[in-house]
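Derivation of every value follows stated rules applied to the coordinates shown; laboratory data play no part. Computed from a predicted structure; not experimentally measured. Every residue, glycine as well, gets a Cβ built from its backbone with ideal geometry; the counts of neighbours run over all protein chains shown.
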Amino acid sequence: MEQRKYMQDDIWRFLYTRGVEDFDDMTSLSKDVRAALKAGFEVGNGIIKSNLTSKDGTRKWLIGFGKGADIETVLIPSPTDPKSGTVCVSSQVGCSLSCSFCHTGTQKLLRNLAANEILSQIMHAMRSVGDFPLEKGKRRNISNIVFMGQGEPLYNFRNVSAAISLLTSRSALNMARWRITLSTSGVAPLMERVGKDLGVGLAVSLHAVTDPLRDVLVPLNKQYPIKEVLNGCHKYLSHMPNESRHRRITFEYVMLDGVNDTPADARHLTRLIGQMPSHVNLIPFNPWPGSDYKPSTDANIQRFRKIVDEAGIACHVRLPKGQDIMAACGQLKSSEDRKRIRAAAKTLDPVQE
């Protein structure tokens, strides 16, 4: 194969242009070559362990990558076009950040996902909506990619970067960078590299306007307090040209009843981010079993939104999607992990359930 570059090119096209999942489907290669590839390599798509569809059209897959490495990936339909949607991608198996309002944070970090494991989530979603084979002029149904699933993308920067490189390569998946957004809980030292090295959008999970409260909601704040996070935002923006569609940072803010949803919080938020191009996503809290938090009332959410909006900062309320299948923001936690916890509980105390 090293002497026959056309074979490498064929394999590449089969993988990334046609989206094949098996070497047997690479029909332009001889049977001997296909057999040798199958014996020595694997495509690495993972195993689909469950496939759930919400009443609102949101889809969630549990994908296994072996040895207990199970992650969840979500396809969120567009509100204006149900045939298109956004893929919410996981970057780690579990999470180490332990944000107190987030269900995923209760699942221990097992490991980082490899670049192929990140890409396979996107490619599975593309197959499910008929985006393969990729052809010039053909409409794509996967419109956007957000790294907002399980894990902290910036704690797996090398593999996330490699995945984005293939995702945006013209000879691979050829996705425009402006369609990709990477979310972070505030890993300040690496935020600059999102702009400098990747050139994709940045979303910051802020969720509080004071360090004492953010220490509780997002414990990473004890390492990188709000001032450092905002400094990282400015460094990111310094690498984004004025004409870039990503010349604006999205700040995500989960609305927790009686915790962070007062008019004073809203005004404090506008003072923090008012000097940079920004957009605020208000996220109604999505309940999960065992959580002590409650969603803010609609009245409080709209009052908060109005204060931010009137300060000249674009502010929108994110509509919950996939709540009935635990696919909404902050609800992701592999069902296999939940099964292991229940099994362990039964072993320790057989009469609990």
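Some observations on this one:
- Between residue 84 and residue 197, the C-beta separation translates, for a Förster distance of 35 Å, into a calculated FRET efficiency of about 0.80.
- In the chain, the DSSP-assigned H stretches of four residues or longer account for a calculated mean residue ellipticity at 222 nm of -9500 deg cm²/dmol, using -39500 (n - 2.57) per stretch and the full residue count as denominator.
- Taking a ≥ b ≥ c as the square roots of the eigenvalues of the Cα gyration tensor, segment 1-43 is oblate, since a/c reaches 1.5 or more and a/b is not larger than b/c.
- According to the Kirkwood relation over distinct C-alpha pairs, the hydrodynamic radius of the chain is 21.5 Å.
- Burial order of peptide ranges 129-141, 106-118 (average beta-carbon count within 10 Å, highest first): 106-118, 129-141
- Cα shape, segment 230-293, gyration tensor, a/c 1.5 rule: prolate
- Computed FRET value (nearest 0.05) for residue 262 with residue 158, which takes r as the C-beta separation and R₀ as 30 Å: 0.15
- Local charge for residue 182 was computed over the other residues whose Cβ lies under 15 Å away, with Lys and Arg +1 and Asp and Glu -1, and equals +4.
- The fewest-to-most ranking of 200, 160 by surrounding Cβ atoms within 10 Å reads 200, 160.
- Burial order of peptide ranges 26-32, 225-231, 280-286 (average beta-carbon count within 10 Å, highest first): 280-286, 225-231, 26-32
- Fraction in percent of alpha-carbon pairs per bin - 5 Å, segment 44-181: 2, 10, 20, 24, 21, 15, 7, 2, 1, 0
- Links that overshoot a 19 Å alpha carbon limit, given the list 60/83; 67/108; 55/83; 108/294; 38/136: 108/294; 38/136
- Residue order for 224, 236, fewest other beta carbons within 10 angstrom first, comes to 224, 236.
- Against the main long axis of the alpha-carbon atoms of the chain, helix 226-237 sits at an angle near 50°.
- Nearest-ten-degree value, helix 31-40 long axis tilted from longest Cα axis of the chain: 40 degrees
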